[in-house]
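Peer 1: Attaching a single structure in C-alpha cells format; questions to follow.
Each value in this text was obtained by applying a stated rule to the coordinates, not by laboratory testing. Here the structure is a predicted model, which is why all the values come from computation and not from measurement. Heads up, the Cβs are rebuilt from the backbone with ideal geometry, glycines too, and the neighbour counts pull from every protein chain shown.
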Protein chains: 2
Amino acid sequence: MSVSTISNVLNGRTDRMRADTLQRVQSTIAALDFRPSRAAQQLKTGLTPMLGLLVPSIANPMYGYLAREIETVAQERHGHRVLLGNTYRNKDKETGFFDDLLAHGVRGVIVISSLADEGHFEAAVQRGMVMVSYDRRATPGAASLIDHVSVDNFEAGRLAASHLVAHGHRRLAFVTASGHTTSRSEKVRGFQAAAQAAGPAVRAAVVEGRAQSQYGDSEMADVGRQLAARIASMRPRPTGLVAVNDLLAFGLLAGLRDAGVDVPREVSVIGMDGLFLAALTCPALTTVQLPVPEMAQTIVERVIGRLAHTGRAGAGELPPAEFLFAPRLVERASVAAPPQRIAR
Amino acid sequence: MSVSTISNVLNGRTDRMRADTLQRVQSTIAALDFRPSRAAQQLKTGLTPMLGLLVPSIANPMYGYLAREIETVAQERHGHRVLLGNTYRNKDKETGFFDDLLAHGVRGVIVISSLADEGHFEAAVQRGMVMVSYDRRATPGAASLIDHVSVDNFEAGRLAASHLVAHGHRRLAFVTASGHTTSRSEKVRGFQAAAQAAGPAVRAAVVEGRAQSQYGDSEMADVGRQLAARIASMRPRPTGLVAVNDLLAFGLLAGLRDAGVDVPREVSVIGMDGLFLAALTCPALTTVQLPVPEMAQTIVERVIGRLAHTGRAGAGELPPAEFLFAPRLVERASVAAPPQRIAR
DNA sequence: TTGAAAGCGCTAACAT
DNA sequence: ATGTTAGCGCTTTCAA
C-alpha cells in the first residue's frame, strides 16, 4: 500500500493492482473518510475542475436563469464547480476576475454580456485562458480566439416586428437603453428590416433612454418606465413597441399603465428573453423567447471541450467557433390590433 | 533576491529589506507579470481566499439579489471569491457541495434557505467548515455550531397582518406553498398573533398549495396562481391576503386577475421580500421588505471573521450567534379597504 | 503488482 | 538584510 498505489486507485487505474489490494485501499479510504486535496493535485497536474462565470449582475433574472443552467450542467455533467463574479459591466472588475482565475489555476471562463471592448479578453486568452462569450458576436473579420454563443438577435428583432405588422400595426418603435452592444444593434437591424419589408406605410423608430444608476437591479425596468411616459405623449404615438428585453418591457407596461394608456388596446408590447415572469405581467407579455437551457449546454461543452484539447500536443485542436441559436415567439396577451381611426 | 525575500514582498513584509531590494523585486514582478500560485500558497498555508455559497436556485430573483450582494462584499471588502452552487433544496447536492469545498480547501460556506434537516450541516462543521446559514433559526435548545442570519419573520407576518387589519379587513388569509421551513412557520405565527390581537371579529386562515414541479423557476408563482383560483371561489372570501413571498404574490395577482377579482378593490394582497419587481406589478405590490444589503454584509463578515479566529490557538473565539433583522413595510397599491357590505 | 523518489510553487523557520 | 532549506499533498516516472 504505497502512495502510488493509492494515487492509482484515486485516478481509476485499478487494473494495475490485485483485487485484494484495491479492496484494502478502498476500505481504508472509506474508513478514514479520505479526500484528496485538490490544491495538491492542481499543483502537480496544473488542472482544477473549476470554471469562472462572469455576469453583469446575478440579480438580473435573465442572468440568474442562465447562471443556474450553466452551473447545473457544469456540475452534473462535467463535475466542474463554478466561481461566480458580478462585473457590473466594468472593465477593471473583469480584468481583476481574470487575474484571480489565473492565480487560482482556473483556465476556463464564461463571460456573459460584457461590453463591446474585447481587448482585455484577448489578453487573458494569450495568458492561457479558454473563453466562451455569451451574447456577443465575433467581430467580423478579426479572427477571434474566443468562442461566441448567442441568439440570433437579428431574427429576434425581425420576429417581433413582423408579429406586430401582422397584427396591423403601422407605427412601430424599438425601445432600448442607451449603450451599444452588438446584440442590441442586431436586434434593431432585424426590427428595421422587418418594418421595411412590410412596405412604405410602416414607420419604424428607435426610442432610447439613458439609465441613471450605474448598474442597479432595476435599471432596465426604470428605463422602460420613463420611456413609457415619453412614448405616451408622442404624437402620432407608436402603436407597436418592441422592448430590447423583458425587464425593460416590464417597465414599459408599468409606465404605460401610469400614463393611462391601455395595453394592448391602445399600444401593443413585445418583450425579449422569455423570463418566466413574463407570464405574470398584466397583461401577460408576448415575448421572443431564448433557448436558455440549450445555450447553457453548448457554452459549458465548449469551455470544457476546448480545455481538454488545449493542454495537448497539437494545441488549438478546436478552433474558436460561433454558435447562433434561434429564438421563438411566445404569444400572450400584450399584442392586439392597433386602435381604429374614428373615420377611415 | 532569494525566494524568501520575494515571499516577504508578496506578503507585505516589506520592512525586512532595504528599499532598493524591494524596488528591484517589485519591478521584476511587474516585468515578468508574475502572479503567485494560489494552489501552492494554499498547499502551504492551508488557506484560500474563497467562500462557498449555496442557494436553492440562483434563478430565483430573491436569491439572485442576495447572491449579488454577498459576492460583492466578499470580493470588494474582503478579497474573497465565491464558489456558487444550486442545491434545489436537495440534501445530496448540499452534501456533495460540502465535500467539494473541503477538497478544494474552502472552509467558509454560506447556506441560503435550506430545508429543516440540519444534520449534514453539523457534520460539515465537525470536519472544519465555518458555516453561516441564512433564513433559518437556530434550533431552540440545541447549541448550534452554525451562525444564523435571518429576518424577524414573526415581525414580518405581524406587520403584514396588522396593516391589513388597519385597513379594515376582517377575513385574512396567509397564502403559502406547502413544505415547512422555520421561516414560514414564524411568518404564520406573526400573522396569527396580529389577527388575534385585533379581536374576535378578525378571522385568520392559512391557505396552502402544493408545488408540482420539484424545483422550477416559477414554482412559487404557479402555486400563487392556483391558490388564487381557489381563494376566488371561497365563500365567504378572504379580503386580505398575505403571501409568503413576493413571487407567490405575483402569482396571486395574476390568478386573481384571471378569476376576475379586482385587486385591491375586492381583495388586498401583501407580499414579502421587497424585490424590485414588486414595484412593477399591477397593481404595484405592497410588501414587507427585507434589508438584503445589510444582511449580506453581516453574513460575509461572520464567515470571514470566524474563519480568521479559527485557525488560531484559542479556537472558537467567536461562538456561533444569531442575527435577526427587522423588516419594513413598503406601501404601494395592492392594499385598500375591503369592499363594503351592501347593507350594513 | 508494488514501492521509492522527485518535484509542482510556494511559506516560514532557521541560518548567515 | 538576505539566503537556505524543509515540507505542504499529491502524481508520475522509474526501479524493484
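Peer 1: Between the range B:84-104 and the range B:189-260, what is the separation of their alpha carbon centroids in Å?
Peer 2: Result: 32 Å between the Cα centres.
Peer 1: How much mean residue ellipticity at 222 nm does chain A get from its helices, if each DSSP H run of length 4 or more adds -39500 (n - 2.57) and you divide by all residues, to the nearest 500 deg cm²/dmol?
Peer 2: Numbers: 11 runs with 143 residues, N = 344.
Dividing the helical sum by the residues of chain A leaves -13000 deg cm²/dmol.
Peer 1: Could you tell me how many degrees, from 0 to 90 and to the nearest 10, lie between the Cα long axis of helix A:246-258 and the main elongation axis, the longest principal axis, of the Cα atoms of chain A?
Peer 2: 30 degrees
Peer 1: Work out Dmax and Rg for the range A:171-277 from the C-alpha atoms and quote the Rg first, both in angstrom.
Peer 2: Gyration radius and largest Cα-Cα distance of the range A:171-277: 13.2, 40 Å.
Peer 1: Also, quick follow-up: Skipping prolines and chain starts, which residues have an amide H placed within reach, meaning under 5 Å, of the one on B:Gly209, given they are 5 or more residues away or on another chain?
Peer 2: B:Thr176, B:Ala177, B:Ser178
Peer 1: Under a 10 Å cutoff between Cα atoms, tell me which one of A:Ala204, A:Ala31, A:Ala161 has the largest fluctuation in the Gaussian network model of chain A.
Peer 2: Among A:Ala204, A:Ala31, A:Ala161, the largest mean-square fluctuation in the Gaussian network model of chain A belongs to A:Ala31.
Peer 1: Near the amide H of B:Ser133, under 5 Å away, which other amide H atoms are found, from residues 5 or more places off or on another chain, if H is placed in the peptide plane?
Peer 2: Hits under the 5 Å cutoff: B:Val111, B:Asp147, B:His148, B:Val149.
Peer 1: Would you work out if the range A:69-159 is rounded, prolate or oblate? Take a ≥ b ≥ c from the square roots of the eigenvalues of the alpha-carbon gyration tensor; rounded if a/c is under 1.5, else prolate when a/b is larger than b/c, oblate otherwise. Spell out each step's value before the answer.
Peer 2: Working: a/c = 1.76, a/b = 1.24, b/c = 1.42.
Because a/c hits 1.5 or more and a/b fails to exceed b/c, the range A:69-159 counts as oblate.
Peer 1: Another one. Per residue of the range B:18-29, what does 6.51 cos²θ - 1.76 cosθ + 1.60 with θ = phi - 60° give for ³J(HN,Hα)? Whole Hz please, x for Gly and Pro, Karplus curve as stated.
Peer 2: Along the range B:18-29, the couplings run 6, 4, 6, 5, 3, 3, 4, 4, 4, 6, 5, 4 Hz.
Peer 1: Can I ask one more? Could you list log10 I(q)/I(0) for chain A at q = 0.07, 0.10, 0.14 Å⁻¹, which the Debye formula gives when each Cα is one point scatterer?
Peer 2: -0.38, -0.67, -1.07
Peer 1: Can you run phi through the Karplus equation (6.51, -1.76, 1.60; θ = phi - 60°) for the range B:199-204 and list ³J(HN,Hα) in whole Hz, with x for Gly and Pro?
Peer 2: Using θ = phi - 60°, the values come out as x, x, 6, 8, 9, 10 Hz.
Peer 1: Within 10 Å of each Cβ of B:31-44, how many other protein chain Cβ atoms are there on average? Could the numbers behind the result be given before it?
Peer 2: Values: counts 0, 0, 3, 0, 6, 1, 8, 11, 13, 5, 3, 7, 8, 2.
Counting other chains' Cβ atoms within 10 Å and averaging over B:31-44 gives 5.
Peer 1: Quick one: of B:Lys44/B:Lys93; A:Lys91/A:Lys187; A:Lys91/B:Lys91; A:Lys93/B:Lys187; B:Lys91/B:Lys187; A:Lys187/B:Lys93, which pairs are farther than 31 Å apart, Cα to Cα? Don't skip to the end; give the middle numbers.
Peer 2: Numbers: B:Lys44/B:Lys93 29 Å; A:Lys91/A:Lys187 24 Å; A:Lys91/B:Lys91 38 Å; A:Lys93/B:Lys187 39 Å; B:Lys91/B:Lys187 24 Å; A:Lys187/B:Lys93 39 Å.
Table pairs above 31 Å Cα-Cα are A:Lys91/B:Lys91; A:Lys93/B:Lys187; A:Lys187/B:Lys93.
Peer 1: Compare the Cα positions of B:Thr48, B:Thr139, B:Pro327 along the charge dipole of chain B (+1 at Cβ of Lys, Arg; -1 at Cβ of Asp, Glu; about the Cα centre) and return the one farthest towards the positive end.
Peer 2: B:Pro327
Peer 1: Would you mind ranking B:Tyr215, A:Tyr63 by Cβ crowding within 10 Å, fewest neighbours first? Don't skip to the answer; put the middle values down first.
Peer 2: Numbers: B:Tyr215 15, A:Tyr63 25.
Starting with the residue having the fewest Cβ neighbours, the order is B:Tyr215, A:Tyr63.
Peer 1: Which ³J(HN,Hα) values, rounded to whole Hz and listed in residue order, are derived for the range B:261-276 from phi using the Karplus coefficients 6.51, -1.76 and 1.60 in 6.51 cos²θ - 1.76 cosθ + 1.60 with θ = phi - 60°, glycine and proline given as x?
Peer 2: Per residue, the Karplus-derived 3J(HN,Hα) values read 9, 7, 10, x, 4, 9, 9, 9, 10, 10, x, 9, 1, x, 5, 5 Hz.
Peer 1: Quick one: angle between helix A:182-197 and the longest Cα principal axis of chain A, in degrees between 0 and 90, rounded to 10, please.
Peer 2: Roughly 40 degrees, rounded to the nearest 10.
Peer 1: A follow-up question, please. Treating the beta-carbon of each Lys and Arg as +1 and of each Asp and Glu as -1, no other charges, what is the dipole magnitude of chain B about its Cα centre, to the nearest 20 debye?
Peer 2: Details: 38 positive and 32 negative charges, 103 e Å.
Approximately 500 debye in magnitude.
Peer 1: Same structure, new question: Would you kindly work out, in nm and rounded to one decimal, the distances from the label point of B:Pro200 to those of the same position in each other copy, ordered shortest first, with label points 7 Å along Cα-to-Cβ?
Peer 2: 8.1
Peer 1: On a C-alpha basis, how far is the centre of the range B:1-37 from the centre of the range B:149-164 in Å? Whole number, if you could?
Peer 2: Cα centres, the range B:1-37 to the range B:149-164: 55 Å.
Peer 1: Which of B:Pro264, B:Pro319, B:Pro283 moves most in a GNM of chain B, Cα contacts under 10 Å?
Peer 2: Checking each option, the largest mean-square fluctuation is seen for B:Pro319.
Peer 1: Give me, ordered by chain and number, the residues 5 or more places off B:Arg81 or on other chains with an amide H under 5 Å from its own placed amide H.
Peer 2: Long-range HN contacts for B:Arg81: B:Met50, B:Leu51.
Peer 1: Most exposed first by the Cβ proxy, i.e. fewest other Cβ within 10 Å, how do B:Phe34, B:Phe97 rank? Don't skip to the answer; put the middle values down first.
Peer 2: On the way: B:Phe34 11, B:Phe97 23.
Sorted ascending by nearby Cβ count, the order is B:Phe34, B:Phe97.
Peer 1: Right, something else. Over chain A, with a Gaussian network built from C-alpha contacts below 10 Å, which listed residue (A:Arg210, A:Arg184, A:Arg136) shows the highest mean-square fluctuation?
Peer 2: The residue with the greatest mean-square fluctuation here is A:Arg210.
Peer 1: Just want the ordering: A:Arg203, B:Arg306, from fewest to most Cβ atoms lying within 10 Å of their own Cβ.
Peer 2: Numbers: A:Arg203 13, B:Arg306 21.
The order, fewest Cβ neighbours first, is A:Arg203, B:Arg306.
Peer 1: With no solvent and one equal point scatterer placed on each C-alpha of the protein assembly as shown, evaluate the Debye formula and give log10 I(q)/I(0) for q = 0.09 Å⁻¹, two decimals.
Peer 2: Result of the Debye calculation: -0.86.
Peer 1: Continuing with the same structure: Against the longest principal axis of chain B, how steep is helix B:219-232, in degrees 0 to 90 to the nearest 10, with axes from Cα atoms?
Peer 2: Long axis of B:219-232 versus the principal axis of chain B: about 10 degrees.
Peer 1: Let me ask you something else. Using only the Cα atoms of the range A:100-227, build the gyration tensor, take square roots of its eigenvalues as a ≥ b ≥ c, and label the shape rounded, prolate or oblate: rounded if a/c is under 1.5, else prolate if a/b is larger than b/c, else oblate.
Peer 2: Details: a/c = 3.26, a/b = 1.87, b/c = 1.74.
Prolate, since a/c reaches 1.5 and a/b exceeds b/c.
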